[in-house]
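Engineer: I have a structure here, written as structure tokens, and I will follow up with some questions on it.
Every read-out reported here was derived from the displayed coordinates using simple, explicitly stated rules and does not represent laboratory data. Keep in mind it's a predicted model, so treat the numbers as computed, not measured. All Cβ positions, glycine included, derive from the backbone under ideal geometry; neighbour counts span all protein chains shown.
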Amino acid sequence: MKASPRPYHHGNLRQALLSAGERAIESAGVLHLSLRELSRELGVSHTSPRRHFADKQALLDALALHGYERLGAALARAARDHGQPFNVRLTKVARAFVSFAIQHPAMLGLMFEAKHRADAPRELLEAGENAFAHIFGVFTSGQATGAVVAGDPHRLALVAFAALQGLVTLSTNGKFKGASLNVLIGEVIERIILGLRPRD
């Protein structure tokens, strides 16, 4: 007897596909992501995902967009100005970024790769710009208070966060040579702040 096709009906298939897709790339990587496998996991027909995502790339772009939105929200909370000095705000933002990077390594890689694709959707590019604008804002306010050297705040932020991303890349399970990144972040930021101080 021929098996009946699986139904489309699902409480919120789009969100379920995003959640399952994120789990899949974190466990097996982007190359092994399959809409057919996700359909099987969620108990729907293999054509159902096409109602929301035309193909695998569309799902990957949606995952990257969602990732930037979540990272942006985390950075916004950390960067919020409560009258704190630059070094405190920078440390909070740095810890928020590193925390996201450690918890979602494959997602972060997907986000960076997607942003640099020639055919990246406009909304994805804007989400990336909006997320990192919170970091640039911390550097801009640091310059306004005299805590940071003059210059392009985007360049200064890029150098600082490239160091943090490098630390994350070299780490294993949130540690580097046995030392917790939670401790090392403080040391890295301390040296970055020393380098950013204006010179007479």
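Engineer: Residue separation times 0.36 nm, minus the C-alpha to C-alpha distance between residue 19 and residue 54: what's the value? Don't skip to the answer; put the middle values down first.
Structural biologist: Values: separation 35, 0.36 × 35 = 12.60 nm, distance 1.73 nm.
Working it through step by step, the gained length comes to 10.9 nm.
Engineer: Ranked highest first by average number of other Cβ atoms within 10 Å, how do 116-122, 40-46, 170-176 line up?
Structural biologist: Ranked from most to least packed, the peptides come out as 40-46, 170-176, 116-122.
Engineer: While we're looking at this one, here's another question. Rounded, prolate or oblate: which fits the stretch 151-200 when a ≥ b ≥ c are the square roots of the eigenvalues of the alpha-carbon gyration tensor, with rounded for a/c under 1.5 and prolate only if a/b beats b/c? Mind showing how you got there, number by number?
Structural biologist: Working: a/c = 4.29, a/b = 1.93, b/c = 2.23.
It is oblate, given that a/c is not under 1.5 and a/b is not larger than b/c.
Engineer: Can you give me the long-range amide H partners of residue 176? Hydrogens built in the peptide plane at 1.01 Å from N, cutoff under 5 Å, separation of 5 or more residues or another chain.
Structural biologist: 181
Engineer: Which whole-angstrom value gives the distance between the alpha carbon centres of the stretch 114-143 and the stretch 30-93?
Structural biologist: 15
Engineer: How long is the gain from residue 170 to residue 116 if the chain were fully straight, where each residue apart is worth 0.36 nm and the alpha carbon distance is subtracted?
Structural biologist: Net length gain for the segment: 17.2 nm.
Engineer: Also, quick follow-up: Nothing charged except the Cβ atoms of Lys and Arg (+1) and of Asp and Glu (-1): what's the magnitude of the dipole of the chain about its Cα centre? Round to the nearest 20 debye. Working shown, then result.
Structural biologist: Numbers: 24 positive and 17 negative charges, 91 e Å.
Result for the chain is approximately 440 debye, rounded to the nearest 20.
Engineer: Related question: Among rounded, prolate and oblate, which fits the stretch 59-196 when a ≥ b ≥ c are the square roots of the eigenvalues of its C-alpha gyration tensor, a/c under 1.5 means rounded, and a/b larger than b/c means prolate?
Structural biologist: Details: a/c = 1.92, a/b = 1.24, b/c = 1.55.
Oblate, because a/c is 1.5 or more while a/b does not exceed b/c.
Engineer: Across the stretch 99-104, in residue order, what do the Karplus-derived ³J(HN,Hα) couplings come to in whole Hz, using 6.51 cos²θ - 1.76 cosθ + 1.60 with θ = phi - 60° and x for Gly and Pro?
Structural biologist: 4, 5, 5, 6, 6, 9
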